[in-house]
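Participant: Questions regarding the structure given below will be posed in turn.
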There are 4 protein chains.
Amino acid sequence: MQRISVILVIQLIIMAELITAQNHNRQSFPEMEHNDSRRMIRVPDIDGYITIKGDFHSHTVFSDGTVWADNRIEEAWTDGLDAIAITDHYEYRPHKDYMKEDYNAAFQIATKRAAEKNIILVHGVEITKKMPPGHFNALFVQDADVPELADTSRQAFLVAVGKFHNQGAFIIWNHPGWAAQQKDTVKWFDVHQQILEKGWLNGIEVFNYSEWYPIALEWALTKNLAPFANSDAHDPIATTYNTAGDFIRPMTLIFAEERSEKGIHDAMMGKRTVAWFNGHLAGSEILLGQLFDKSLVIRPVYNANGKTTCEVRNDTDFSFVLKGISDAWKGESNITSQSSATFTVRDDVKSIRVEVSNWHTGMKNNLVREIKL
Amino acid sequence: MQRISVILVIQLIIMAELITAQNHNRQSFPEMEHNDSRRMIRVPDIDGYITIKGDFHSHTVFSDGTVWADNRIEEAWTDGLDAIAITDHYEYRPHKDYMKEDYNAAFQIATKRAAEKNIILVHGVEITKKMPPGHFNALFVQDADVPELADTSRQAFLVAVGKFHNQGAFIIWNHPGWAAQQKDTVKWFDVHQQILEKGWLNGIEVFNYSEWYPIALEWALTKNLAPFANSDAHDPIATTYNTAGDFIRPMTLIFAEERSEKGIHDAMMGKRTVAWFNGHLAGSEILLGQLFDKSLVIRPVYNANGKTTCEVRNDTDFSFVLKGISDAWKGESNITSQSSATFTVRDDVKSIRVEVSNWHTGMKNNLVREIKL
Amino acid sequence: MQRISVILVIQLIIMAELITAQNHNRQSFPEMEHNDSRRMIRVPDIDGYITIKGDFHSHTVFSDGTVWADNRIEEAWTDGLDAIAITDHYEYRPHKDYMKEDYNAAFQIATKRAAEKNIILVHGVEITKKMPPGHFNALFVQDADVPELADTSRQAFLVAVGKFHNQGAFIIWNHPGWAAQQKDTVKWFDVHQQILEKGWLNGIEVFNYSEWYPIALEWALTKNLAPFANSDAHDPIATTYNTAGDFIRPMTLIFAEERSEKGIHDAMMGKRTVAWFNGHLAGSEILLGQLFDKSLVIRPVYNANGKTTCEVRNDTDFSFVLKGISDAWKGESNITSQSSATFTVRDDVKSIRVEVSNWHTGMKNNLVREIKL
Amino acid sequence: MQRISVILVIQLIIMAELITAQNHNRQSFPEMEHNDSRRMIRVPDIDGYITIKGDFHSHTVFSDGTVWADNRIEEAWTDGLDAIAITDHYEYRPHKDYMKEDYNAAFQIATKRAAEKNIILVHGVEITKKMPPGHFNALFVQDADVPELADTSRQAFLVAVGKFHNQGAFIIWNHPGWAAQQKDTVKWFDVHQQILEKGWLNGIEVFNYSEWYPIALEWALTKNLAPFANSDAHDPIATTYNTAGDFIRPMTLIFAEERSEKGIHDAMMGKRTVAWFNGHLAGSEILLGQLFDKSLVIRPVYNANGKTTCEVRNDTDFSFVLKGISDAWKGESNITSQSSATFTVRDDVKSIRVEVSNWHTGMKNNLVREIKL
C-alpha cells in the first residue's frame, strides 16, 4: 500500500507538472476580449404589426467611412437591430486612389454576413449634393451604379432620384437641418416640393447622428413622409457614440406585417415608422399612442386612507417623462427601463391623464394619454 | 416708462420666440457623442531613458483587418500610446477583389494623420507563413513591396526576412504560442535558430491579443530578444477588447533616449523593452526593477506601540500583487492605480523584501525587490 | 426707439446681475446627489399568485448592525423589494452601553417609514445560539421580548422557539452552513430534527450574505421547508455588497395570493418560496418550471435551407445558462436580462429540451425544461 | 501496475467526491462582496507641508444621522481620507427615546476604530441654532457636554461657543447659504461679526453636501477664515452621494507640518486649507497656485514647422478647465485625472498664461497662472 501511495504521489506530481508546463506555453485572458453577445432591445409589438429595429444610413470604406462592410452587420447584431442599410455615396470618394470603383461592392460583401447573422440588409445608396437639395438616401435599389451620381448638378440629382424611384426605391431626405448645409435656417426648398409632388419623396430624417430636427417631424406628419432616426455612422459605432452605461443607439422603429425585407419596405411605404433617439420618440400620435399602451403596466398595490398607490412597471427600454394633467393626479414621474415609479390617487379615481414630454407628436406637441387604473 | 416696459416685454417675447424657433430647427445631444479625449497612461521614466508606449502589430482593410489606416492612429491617440506599427500582410488578402494592390498604402495613408496627432508611425509589414516558421513582423522597413511575400515557401521567407534585414528592419517572431499554429506545443524550430544565428531575429511577442506565452519570455531573456506585447488588432480596438471600466490596452514599453522613431529603433535594438498586458509586466529583472523603484512611494504615516504603519502610494497605472518574503513583513497586498495600501512593521525595520507575482522576470520567476522604508 | 433700446439693455444687464448675484450666494450640484429612484425588478407572476420580492434577515444598531431601522426600509424601496424583516438579536448586543433596551424598538421605528414607502415590514427577531442549534429567525412575531432570548442554553432556545411558534411565528434556520459554526461539516443535528417534528421549523436559508448551501436546498425539498435567500445585512447594503453594474441584491421570491403581510405569511407557510442570488435560482421543480415558462418568449424569426432561427427574448431580470439536451438542439446559450440569444433548428422541430444549469432544483439537480417552438 | 492504476483512479474519484461534497455544503461568491480597499487620492504636497484630506462635518445615530459611529471611520478609510470629525448636535436628537444621552459617545466609540484604521479622529460637536446665527462646528473640543447646547437661545449660543473656544476649539460657521435658513439671502449678521471680533470664529464652510457658496469664499479670504468643504453626511456616504464612476467625495485639504491631530489643528489655525468639491477647488491664490504648480507636468514632445507641441501630464486627481489668456496660446483645454492634453505653440514661446475656471480664488475670481514651457 505504501508503494502504491508513492506511485500515486509521483503521478500527481507529473500531472501537476503537465498542467504547469502547459501554463508556461500559453495562458489566456478571455476577460480581456470584447463580449460579442447580442443586446436585447425591449420594444413592444403593436396590434397587427411586429416592431422592427433598424438603422438606414451608414457608411463604409467604400465612401468616406472607416470600416469594412461586414462590420456594419456585426454592429447591428451586437446592438440588437434587425435591419440596416449601408448607404455609401459616389460623389465623394476620398479613398478612391486605393479602392476599385464598384457602387454595389459594400452591399455584395455584407450580404453574406447578414445572412449568417440574420440581419436584414437593405440595398441603399446616398445621393450627395449641395443644399438645395442636400443629401438623400435611396433604399431598396436594384443597382446603385447610376452614372448621374458622379455629377453634382441639381439636374443630375433629379435624374438619379427618378431612376432609383423607377427601381422601386424608397427616398429619404437626410439631415435636413444639418448646420453645414443650412447654418441658420431649416428650409423646405422648391426642389423638395418638386420631388414630393412627383411622389418621389417618401421619408425624412428627423434625427441624424446626434441631432434632432423638430421641424422635420412637422413636415413628416403634414406631408405624409415616414420619419427616421439614423446614425449616419462613418466610424465604428463604438467610436461614434458614447457607449458607456446603458447605451441604445438611435434607430428607426418599423411596424411591419412580417420580419422581412418586404415587410420593411411595405411598412415604410405605409409610413409606419417612429424615430427613437437618446430617450426620445418622434412620430405620429397614433403610433406613439399604441406603443405607450403596450409599454406600461399599472397596478394598484396598496390602499390606505381612501387612497390607492399604483406601481408603474415599464416592460420596455423606452423612457417616460410623465406629467399629470388631470385633477386626479398632477405629479411628475420619470420612468426608465431600470426604475419603476409609484403614484397615489384617491380610491375613486378611474383614470389619469398624462403628457409624455419626451414623446414627440409634432414640432411643438407631445403625446397626451389617458391611463386607465 | 410704461410704454418702454411694454416694448421690453415684446422684445423679450420675440427673443424667446427666436430661441424657440431655433430649437424647432435643430437640437443637439453632445452627450451622445464619443468622447475623443486622450487617455493618460501613467508610467514612470527610468534613469537615462524616457518610457514610450507602443503597439507594434495591427491590421487594416489592406490585409484582413476591418478598419481604415487612419483609425489605427486615432485609436493610438485616444488610448494614450506614443507609437504604433501597421503590419498588414500580403500572403493573405481577402479584400483583394475590391482594393488596389499596394503594399505601402496603409503606411502612406496613416502618415499624415500620425503627424497631426503626434503619433510615431513605424513602417511595418507582417510576413505570414505556416509554422514553422510562423508569422513575423518587420519594423522600420523602407519598402514593404518585396515579391517574396507572395510566395508561401520557407525559402521565400528567408529571402524576405533577409531583404528586410538589409533594409535595416527589426524582426519580431509573432505569437509563437498561437494554438492555430502550435496546438499542443510551443517549439523553437530549426528555422528560428537559423535566423537567430544570422542576426536577423531581434524580438519576440510574449503576449499577443489576449494570450501570454511565458516560454517566449524565457527565450527573450536567454537569446537576447526584445519582448513585446502587441494587440494584433484586426477589428476596431473598441470591438476587439472589453473596454469597460479602466481598460488599458496591451502595449510594449520602450525605454528610449528620445521620443522619436530613431529613439524607438535604437531602444528596440538595445533590447530595452517590457511587455505590459492585463495588469502583468514581463521583461528583464533589471528593467522591471527600475520601473518598480520609480512606481511606488512608501512613507511612514503612523507610529504606535513600537510599530510603524506605512502608506504605499502608486504613482502609476501599474498593478502590484505583493507578497512579503522577509521576516519583517510576511503579508500580502494588492495595489492598483485606484487604491493604495498600508502595512505595519516594527519601528526598527529598515526594509522589507517582496515578491511581485504579476511582474514576470522569467518563465517561472517573478520580480523580487527590497523596499527601503 | 433708441432710448428704449438703452433701457432694454440696462434692464437686461440688471437681470444678468441678479442671476449672477444669486450664483454668488449658492450653487447646487444635484448630479452629486444619490439618485433615490426605485429599482425595477422584473420577475413574472405565476398562475394564481403574484410574486413578492423580500429579504427576511437584516440587522440594525439595535443588535450588531450599523444602521438605523429606517435605513432598511429606504434600501428595500431603492432596491425594488416589496417586503423585509428586521431581525435583531438580543443575546449579542455590543451597543448596549449606549442604547436603551427594547426588543421591539427597530420594528416600531421602521413601521412608520414602511407605510410611507409601501414596504411590507414583517416583525422579526433572530434567536442566536451556538451550533447546535445555531441561529434562527422568527418572523411574524407579536412581541419579540421573550426573556429566554437572553439565555444562551439550548433549553432556553427550545422555550423561545416554542413561545414564538405559539405567537404564530414562522421559524427559519439561518445560514446552516456558516463556516464559523460548522467549519468542515454541514450537519442536521438532533435538535433540528426535534423542532422539525414538533412542527416548529418552517424554513431554511439556502443562501445567506454571499454563500449558498446546496445541501440546505435538499433538506428544504425533502423535509418540506421553505427555502430562503437573505442578505443578513449588518452594514448598509451599499457597503455590504459590490453594487457596481447591474446589481440585484439576494432575495426570496414569495408566491402570494395578495400583496400583504397575510399574503406573505400564507405563502411561506405553503412553502411557496424560491431563493434568488447572484444569478442563481433555487427551489422546487414546480415553482422554477412555472417561472421559466413565464420568463422566456421564443419566436421563429428566420427561415433558410430547411432551418429555422429562433430568437429568445428574456422578459425578466433572471439569467439563464441553457444547455440543449435533446437531439434537436445540443448547443449552449447564456441569456441575461440585457442580452438575447438565437438558436437554429430544423424546420420540423417542434420543441427542444434544455437544462438550466444556474436554476437549482436539488443539491445535484438543475431544472430541465421542454421549450415549445 | 494495473492494480495500482485502479487504486489511483479510485483515489482520484474519492478526491473528486470530496471536492464535490464540499461544494454541496457551501459555495462562496466573493465577487458579490463589497470591495473594501482604500481609495488612493492623488494630491500633491506643497513646499514645507504635507497635504491632509479631511471631512470635518458628519453625523451618526447619536444625533439625526443613520449610521453607527464606526461607519464614519470605515468610510473615511475607504474613501482615502486621512481625518474626519463626527459632529453630532444635541439640540435636535430625534432618536433620544431609544438612546442613552451622552454627548461624547460617538467620539469614544469611533476612537478605537480610528486607531486601527490610522484615521485621525477630531473630537467635534455641532451647535445648532436658528439663523442667525445658524449652525457651527466646534472641533478639537475636550468635552462636548456643555449644558448650553440644550438651550436654543442666542445667548446660550454665545456661552457655548465661548466655552468651546476656551477648550481650545476651532469654530466653523456651517453652510452659511443653506436655503432652509437663508432662502433668498446669504447675509453676514451682527452675531457673526461679534464672534469674529472676539476671535472665536476660525473657519467657514464654502461647500456643504452638494452646495457651494461663493460669497462664503469671499468672506473667508477677506476676514481671515479657513475655507472648508464638508459632507455633513447623515446617511451612509454611499447613499448620500452618487458614487458611480470615479467619485471623489467633497473634502477639505489641510496643509500641515505633520500628519497628526496637532498638525491639522495648527494648519487650520494658520488658515492653510482649501475646499475641494465636484471637480472645483476654492481657496487662497497662494495655496491654489502652489497646488497648480505641483500638479501639472508640461513637456515638449514634438517639433514641426517652427511649432512645438507640448504634452500636459496631470499627476493628480484634480481637474483643470484651462483657458489660454496670453497671445502665445488662446485655446481651451479640459484635463482630468484620466486624460492628458496637448497644445501647440511657436518654438520661441517660453511660457503661456492660463485661467483655471474651476479653481476659485474669490467670489468672482479664478486662478490665473503662468506656465513655463
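The values are calculated or read from the model by the stated rules, or taken from the named source; none is laboratory data. Only a predicted model underlies this, so the values are computations on that prediction, with no experimental measurement involved. So basically every Cβ, Gly included, is an ideal-geometry build from the backbone, and we count neighbours across all protein chains shown. Quick note on the areas: whole protein, heavy atoms, side chains included, nothing else; ligands and nucleic acids left out. Shrake-Rupley method; radii C 1.70, N 1.55, O 1.52, S 1.80 Å.
Participant: Looking at the stretch C:187-207 only, could you name the residues that are within 10 Å of chain D (Cβ to nearest Cβ) and either of a type in the set (Phe, Trp, Tyr) or farther than 16 Å from C:LYS130 by Cβ (or both)? So that I can check it myself, show each step before the final result.
Facilitator: Filtering the stretch C:187-207 for residues within 10 Å of chain D (Cβ to nearest Cβ) gives C:187, C:207.
Across the stretch C:187-207, the qualifying residue is only C:PHE207.
Participant: Now a separate question. With the requirement that a residue be polar (S, T, N, Q) and at pLDDT 95 or above, what does the stretch B:1-56 give you?
Facilitator: Here is the first cut: in the stretch B:1-56, the residues polar (S, T, N, Q) are B:2, B:5, B:11, B:20, B:22-23, B:25, B:27-28, B:35, B:37, B:51.
Passing the criteria: only B:THR51.
Participant: Could you count how many residues in the stretch C:224-240 are free of Cβ contacts under 8 Å to residues at least 24 places away in the same chain and in a strand (DSSP E or B)?
Facilitator: 0
Participant: Here's a follow-up. Identify, please: which residue in the stretch A:98-118 is part of a loop (DSSP other than H, G, I, E, B) and modelled with pLDDT under 95 and is, among those, most open to solvent (accessible area, probe 1.4 Å)? Steps first, answer last, please.
Facilitator: Going residue by residue through the stretch A:98-118, those that are part of a loop (DSSP other than H, G, I, E, B) are A:98, A:100-104, A:118.
In the following step, the residues that additionally are modelled with pLDDT under 95 were identified as A:100-103, A:118.
On the way: A:LYS100: 88, A:GLU101: 128, A:ASP102: 55, A:TYR103: 21, A:ASN118: 17 Å².
The residue in question is A:GLU101.
Matching residues to (1) under 13 Å from the mean Cα position of the chain (by Cα); (2) under 19 Å from B:GLY124 (Cβ atoms); (3) within 14 Å of another protein chain (Cβ to nearest Cβ); (4) outside any helix (DSSP H, G or I):
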{"residue": "B:GLU218", "(1), (2), (3), (4)": "no, no, yes, no"}
{"residue": "B:THR243", "(1), (2), (3), (4)": "no, no, yes, yes"}
{"residue": "B:THR252", "(1), (2), (3), (4)": "yes, yes, no, yes"}
{"residue": "B:ARG259", "(1), (2), (3), (4)": "no, yes, yes, yes"}
{"residue": "B:HIS265", "(1), (2), (3), (4)": "no, yes, no, no"}
{"residue": "B:VAL274", "(1), (2), (3), (4)": "yes, no, no, yes"}
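Participant: Let me ask something additional. What tally of residues in the stretch C:265-295 results from selecting those that are open to solvent by less than 60 Å² (accessible area, probe 1.4 Å) and in contact with a Leu (Cβ under 9 Å, 6 or more places away or on another chain)?
Facilitator: Selection size over the stretch C:265-295: 17.
Participant: Shifting gears a bit: So which residues in the stretch C:364-373 are within 30 Å of the chain's Cα centre (by Cα) and surrounded by 14 or more Cβ atoms within 10 Å (Cβ to Cβ)? Full working, then the answer.
Facilitator: Taking the stretch C:364-373 and keeping what is within 30 Å of the chain's Cα centre (by Cα), we get C:364-371.
Within the stretch C:364-373, C:ASN365, C:ASN366, C:LEU367, C:VAL368, C:ARG369, C:ILE371 meet the criteria.
Participant: Something else: Can you pull out the residues in the stretch D:132-153 that are of a type in the set (Asp, Glu) and within 28 Å of the chain's Cα centre (by Cα)?
Facilitator: Keep residues of the stretch D:132-153 that are of a type in the set (Asp, Glu), which gives D:143, D:145, D:148, D:151.
Across the stretch D:132-153, the qualifying residues are D:ASP143, D:ASP145.
Participant: Exactly one of (1) assigned to a strand (DSSP E or B); (2) out of contact with any strand residue (DSSP E or B) (no Cβ under 6 Å at 6 or more places or on another chain); (3) away from chain A (no Cβ under 14 Å) is unmet by C:PRO94. Its number?
Facilitator: (1)
Participant: Taking the stretch B:32-76, which residues are more than 7 Å from every other protein chain (Cβ to nearest Cβ) and assigned to a helix (DSSP H, G or I)?
Facilitator: Going through the stretch B:32-76, the residues more than 7 Å from every other protein chain (Cβ to nearest Cβ) turn out to be B:36, B:41-60, B:62-65, B:69, B:72-76.
Across the stretch B:32-76, the qualifying residues are B:ALA69, B:ARG72, B:ILE73, B:GLU74, B:GLU75, B:ALA76.
Participant: What are the residues in the stretch A:136-163 that are within 14 Å of A:GLY124 (Cβ to Cβ) and open to solvent by 20 Å² or more (accessible area, probe 1.4 Å), if any? Steps first, please.
Facilitator: At the first step, the residues of the stretch A:136-163 found to be within 14 Å of A:GLY124 (Cβ to Cβ) are A:136-146, A:149, A:160-161.
Selection gives A:GLN142, A:ASP143, A:ASP145.
Participant: In the stretch A:304-344, what count of residues is obtained for those that are open to solvent by 50 Å² or more (accessible area, probe 1.4 Å), within 35 Å of the chain's Cα centre (by Cα) and not β-branched (Val, Ile, Thr)?
Facilitator: Looking only at that region, the number is 7.
Participant: Continuing with this model, one more query. Could you list, in sequence order, the residues of the stretch D:66-82 that are surrounded by 24 or more Cβ atoms within 10 Å (Cβ to Cβ) and over 14 Å from D:ARG39 (Cα atoms)?
Facilitator: D:THR66, D:VAL67, D:TRP68, D:ALA69, D:ASN71, D:ARG72
Participant: Of (1) under 14 Å from A:TYR49 (Cα atoms); (2) free of Cβ contacts under 8 Å to residues at least 12 places away in the same chain, A:PHE247 satisfies all except one. Which?
Facilitator: (1)
Participant: Would you please list the contacts, defined by Cβ atoms under 6 Å and residues six or more apart or on different chains, that run from a residue in the stretch C:85-111 that is within 20 Å of C:GLU75 (Cα to Cα) to a residue that is aliphatic (A, V, I, L, M) and open to solvent by 60 Å² or more (accessible area, probe 1.4 Å)?
Facilitator: Taking only residues 6 or more apart or on different chains, not a single pair turns up.
Participant: Mind listing whichever residues of the stretch C:345-363 are at pLDDT 95 or above and open to solvent by 70 Å² or more (accessible area, probe 1.4 Å)?
Facilitator: Hit for the stretch C:345-363 is C:ARG353, nothing else.
Participant: So, one more: Name every residue in the stretch D:183-210 that is at pLDDT 95 or above and polar (S, T, N, Q), in order of residue number.
Facilitator: Listed by number, the residues that qualify are D:GLN193, D:GLN194, D:ASN202, D:ASN208, D:SER210.
Participant: List the number of the failed condition for D:SER340; all other conditions in (1) closer than 28 Å to B:PHE247 by Cβ; (2) modelled with pLDDT of 90 or more hold.
Facilitator: For D:SER340, the exception is condition (2).
Participant: Here is a further query. Being over 20 Å from the mean Cα position of the chain (by Cα) and modelled with pLDDT under 95 is the requirement here; does A:GLN167 meet it? Give the steps one after another, and end with the answer.
Facilitator: On the way: over 20 Å from the mean Cα position of the chain (by Cα): yes; modelled with pLDDT under 95: no.
Judged against the criteria, A:GLN167 is not a match.
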